[in-house]
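The values are calculated or read from the model by the stated rules, or taken from the named source; none is laboratory data. These figures come from a predicted structure and were not determined experimentally. With ideal geometry, Cβ positions are generated from the backbone for all residues, glycine too; neighbour counts draw on all protein chains shown. These accessible areas exclude ligands, DNA and RNA; they are computed on the full protein's heavy atoms, side chains included. Shrake-Rupley method; radii C 1.70, N 1.55, O 1.52, S 1.80 Å.
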Amino acid sequence: MATYSGESYECLFYTPSGEIGENAFESLRHKNVFRYRAKTIKSGDVVEVEIYPIWNTKVEAKAARAAESRAAQRALNRRNSAKTLARLVDNNFTKDDVCVYLTYADKGEWHDKKPILPDKKQARKHIRKFMRDVRAYRKRNGMSELKYVYVMEFFDGEGRKARAHHHIIMSGIDREVIKKLWKYGGIGERRLDPENYGNTLAGLVHYITKQPVDKQTKKWAASRNLKPPKVTIADTKLSKKQAERLAADVKAAAPTIFNKHFPDCELDECYVRSSEIVAGAYIYARMHKDYTVKWKG
């Protein structure tokens with residue numbers, strides 16, 4: 001039997017479970033939904049599951065392609081880019097690493113020099129030189145190979161244009177070394193806290209990538225030595241009946257359903273979205289490894 005995946009059409013699933021009416025439940029039960037496919041992404045101690053319908057007719061895929069807008073797909077691409085970055089961070093950085101904030105000097109600072117106001121090209125040169133200098137320092141001092149991701153920003157916290165600044169997540173290094181190597185202004189630095197799941201690394205990544213930016217500044221950069229998360233696909237992890245239970249009462253059903261499949265994890269978040277265009281639902285769950293589970297009971 002030929003089947004068609006709903007994975008590429010997440011943007012069409014926008015009705016939250018709390019607003020799902022009887023028509024949407026009919027969509028979940030629709031005969032065109034053959035099964036649900038679960039994609040599990042393991043990034044360090046974080047486990048995510050993305051669940052989407054597999055259709056048994058190209059009618060649904062054709063409807064999805066017709067309804068998909070360029071704007072919606074661009075928005076989805078931006079969200080997926082942020083997800084990719086968050087997963088790289090979760091999979092490669094620990095509490096021994098740091099988040100660094102680099103700014104440029106104001107007038108009156110640094111021996112009364114004029115303000116440093118770089119354009120995008122200059123700011124990119126500055127951050128790349130800084131990363132080269134950090135890498136060289138670590139090598140000279142027998143430290144492990146540098147790992148990093150960084151984002152350049154040109155907006156303030158309210159989305160207004162502001163002086164260039166840089167956010168970096170990188171291998172642990174002393175604040176005084178950072179201060180010595182960054183020659184253009186001030187620095188901020190703090191240790192990562194991946195064990196605080198109310199303030200996860202993913203939350204930090206969301207913060208440093210949430211500002212409105214143009215095509216030239218949206219891109220983030222990462223060192224080539226970062227390890228990708230482990231991804232597995234299963235077509236039997238979630239039944240159509242379980243998808244319907246989640247849509248009916250996600251708060252009640254999600255802990256039971258996901259604990260069954262991931263007994264060593266604690267559920268942090270789960271949501272269900274239905275579509276007015278195609279049959280089925282999109283389900284997302286995020287969990288973290290619970291290392292106390294072996295002591296329970």
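Points to keep in mind about this one:
- Label zone (Asp235, point 7 Å along Cα-to-C-beta; backbone nitrogen cut-off 15 Å) within the stretch 50-68: 52-58.
- Sites listed here are trypsin sites (Lys or Arg not before Pro) in the stretch 29-97 whose DSSP assignment is loop and whose Cβ has at most 16 other Cβ atoms within 10 Å: Arg29, Lys31, Lys95.
- With all protein chains modelled, accessible area of Ile41 [1.4 Å, Å²]: 0
- Computed label-point distance, nm, for sites Ala2 and Leu117 using a 7 Å Cα→Cβ extension: 6.0
- Unsatisfied cross-links (Cα-Cα over 29 Å) in the set Lys39/Lys62; Lys62/Lys241; Lys147/Lys289; Lys83/Lys183; Lys147/Lys179: Lys83/Lys183
- Estimated inter-spin distance, Asp96 and Asn141, nm [label 7 Å along Cα→Cβ]: 1.5
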